[in-house]
Every structure is written in structure tokens, then in C-alpha cells.
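K.L.:
Pasting a structure here, questions to come.
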Amino acid sequence: MIKVEHANKTFSGKYGKVHALQDVSIHVEKGDIYGIIGFSGAGKSTLIQQLNGLLRPTSGTVLLNGKDIWEK
């Protein structure tokens, strides 16, 4: 089971802050198949990078089988 709860990701850049994800929550049960669609710049890649542990959320949690993937 994969569960994302209230994930947010903010990047700071040359022109200020960019909110790539704002309060995203999703719950995927074992065997479920989902597609992620949206406009360019909507945060699809940011969400996937959080799901596979490449990008830490600014706030919120990413759980794999009930365990936060960012806890040691």
C-alpha cells in the first residue's frame, strides 16, 4: 500500500517560491493501477519523485506499507 498524505513541495528559485505540490493526498492499495495526468507544470513528475524516494516533500508524508519512507 502506498499512501501520500498532505504532501507539499516548494522550490525556491531566482523568481521566488514555486509551489509544485499543494496538499496532495492519494491512497493506492496493493494491485491497484493508476495513471497520473495533468497539464504541463502541474506537478506530476514531482509527485512521482516523491513516491519513489528521489525527492523529499517540504511537508506531508509518503508511506509505504504504513512506514514513512523518509524515517531512518
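K.L.:
Roughly how compact is the chain, stated as its Cα Rg over 2.2 N^0.38 Å to two decimals?
P.N.:
Details: Rg = 12.6 Å, N = 72, 2.2 N^0.38 = 11.2 Å.
Dividing the Cα Rg of the chain by 2.2 N^0.38 Å gives 1.12.
K.L.:
OK, next. Using the crude model of +1 on Lys and Arg Cβ and -1 on Asp and Glu Cβ, and no other charge, please compute the dipole size for the chain relative to its Cα centre, in debye to 20. Mind dumping the intermediate values first?
P.N.:
Working: 9 positive and 6 negative charges, 64 e Å.
Approximately 300 debye in magnitude.
K.L.:
Also, I was wondering about something else. May I ask you to compute the full-extension gain from D23 to E71, defined as 0.36 nm times their residue separation minus their alpha-carbon distance, rounded to one decimal in nm?
P.N.:
Full-extension gain reported as 15.3 nm.
K.L.:
Something else: In Å², and per residue, what accessible area does the chain have when probed at 1.4 Å with the other protein chains present?
P.N.:
On a per-residue basis, the chain sits at 75 Å².
K.L.:
Let me ask something else. How many percent of the accessible area of the chain is carbon or sulfur, using a 1.4 Å probe?
P.N.:
On the way: 2990 of 5370 Å².
The C+S portion of the solvent-accessible surface of the chain is 56 percent.
K.L.:
In terms of Cα to Cα distance under 24 Å, which lysines are near enough to K17, apart from those fewer than 8 places away along the same chain?
P.N.:
Those lysines meeting the cut-off are K9, K44.
K.L.:
Right, another one. Calculated from DSSP H runs of 4 or more alone, at -39500 (n - 2.57) each and per residue, what is the 222 nm mean residue ellipticity of the chain, nearest 500?
P.N.:
Values: 1 runs with 8 residues, N = 72.
Value at 222 nm, helices only: -3000 deg cm²/dmol.
The values are calculated or read from the model by the stated rules, or taken from the named source; none is laboratory data. All values reported here derive from a predicted model rather than from experimental measurement. No Cβ is skipped: glycine too gets one built from the backbone with ideal geometry, and neighbour counts run over all protein chains shown. These accessible areas exclude ligands, DNA and RNA; they are computed on the full protein's heavy atoms, side chains included. Shrake-Rupley method; radii C 1.70, N 1.55, O 1.52, S 1.80 Å.
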